[in-house]
1. Could you look at the stretch 2-224 and say what percent of its accessible area is carbon and sulfur, using a 1.4 Å probe and all protein chains?
2. Only helical DSSP H runs with n ≥ 4 go in: add -39500 (n - 2.57) per run for the chain, normalise by residue count and round the 222 nm mean residue ellipticity to 500 deg cm²/dmol.
3. Could you sort 206-213, 299-306, 154-161, 264-271 so that the peptide with the highest average Cβ count within 10 Å comes first and the rest follow in order?
4. Take every DSSP beta bridge whose two residues both sit in the stretch 236-346, then give the antiparallel share in percent to the nearest 5.
5. Indicate, rounded to the nearest 5 percent, the antiparallel portion of the DSSP beta bridges found entirely in the chain.
6. Once you put a point 7 Å from the Cα of T231 and another 7 Å from the Cα of L309, both along the Cβ direction, what distance in nm separates them?
7. Heads up, I need the accessible area for L79: 1.4 angstrom probe, whole protein in place, Å², nearest 10.
8. Using 0.36 nm times the number of residues separating T281 and Q340, minus their current alpha carbon distance, what extension gain do you get?
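The values are calculated or read from the model by the stated rules, or taken from the named source; none is laboratory data. Just so it is clear, the model here is predicted, and its values are computed rather than measured. Please note: Cβ atoms are built from the backbone with ideal geometry, for glycine as well, and neighbour counts cover all protein chains shown. Note: areas computed on protein heavy atoms with side chains; ligands, DNA, RNA excluded. Shrake-Rupley method; radii C 1.70, N 1.55, O 1.52, S 1.80 Å.
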Amino acid sequence: MKQATAAIVKPLPDHLFKVHGNSAEMRWEAMAGLGYHTPNDRFFVRNHTFTPLIDVTTWRLGIHGAGVRCPRAFSYEELRAMPSRTYDVAIECAGNGRRFYRTQQHDGAPGTQWGLGAIGVARWRGVPLKYLLDQAGVRPEAVDVLPVGLDAPFEEHGHVRRPLPIGKAMDDVLVAYEMNGVPLPPDHGFPARLVVPGWVGIASIKWLGDIEVSTEPLFTPWNTVFYPDVTTQPVKSAFELAWNARLPVAGPHILHGRSWSGRGRIVRVEVSFDGGLTWRTAEHHGQHLVKAWLPWHVAWAPRRTGTRLLMARATDETGATQPLTTPRHPFGYHFDAVVQHPIHVVNG
Ligand SMILES: Nc1nc2c(c(=O)[nH]1)N[C@H]1C(S)=C(S)[C@@H](COP(=O)(O)O)O[C@H]1N2
Ligand SMILES: [Mo]
């Protein structure tokens, strides 16, 4: 396998990304004024090691294990010739917002100190995993599906791989080969990756090589040590504004943002400009898709200069809402509390 010279292949200009080691976080101001999807040039990247450069002419997607009757291996052309589906869904790192355990709750957790930019929504096209499993004669006794990444082994733990229960695998999981209308870029899993709607990003294994189907529960460091017991993502919200953005006094300004949940459609978004004393309902605009996000906006005319904390709080259709503080998580996952976004109102 060829190795790129940098951990991430695409350009990471400072106005679009904040780099964290081998990973890169989207700056939320990079979504301002854009449509529903996150363009590929600003979609966050989370790499355990490096983006591999895969030769698609020799690449095969193997499906094997006790849970299938006829092991198969599909070429890229075969995959692209199969019936395809297109999903508009989010991929979000389980650790998105981890930094706020430290900065807002003074109880930090180790790991990449993401702000809110470890999420993106793309239009993914590919073959339903169910279709491929059926082609391989999946047995009724199948229990787990283990997708393995072709990127370099991570420390002493081997290739990145995380078991997925057969129920989810046969439901809405996609083996995607296209992202926003073009072949998957190298950093996002070329030639093919899983897209697991609503679940933590680690489920969406990139650079798929091989998929084992078992008739017993499977265990890897990615469901025992690193991401035990995490499946769906909680409710979060972000403003499409720079951290410490400067806004001229008066206005009115139309402030934009997005809210999302892995568990159901967002039904309400409220915004506070006074530290949570009073809340106003934001207006929705654009599409309103489940397992993606809801764009919203609110008008605001600040009357005096100074530093202000903007807050946004969303509720999903299951009734889950964003608390002001959230219980500590040992790995810093699931930060769903309202984020206090500082801005400076200045003489315009
Ligand atoms: N093979 C492989 N798949 C992977 C990873 C990885 O390092 N290697 N990172 C995972 C994690 S933790 C996340 S959050 C998502 C990020 O997807 P993206 O880089 O396309 O944004 O990919 C997941 N799939
Ligand atoms: Mo992640």
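1. Accessible surface attributable to carbon and sulfur in the stretch 2-224 totals 54 percent.
2. Roughly -1500 deg cm²/dmol at 222 nm, from the helical runs in the chain.
3. Final packing ranking: 206-213, 264-271, 154-161, 299-306.
4. Percent antiparallel among DSSP bridges in the stretch 236-346 is about 85.
5. 90 percent
6. 3.4 nm
7. 0 Å²
8. Residue separation times 0.36 nm, minus the Cα-Cα distance, leaves 19.5 nm.
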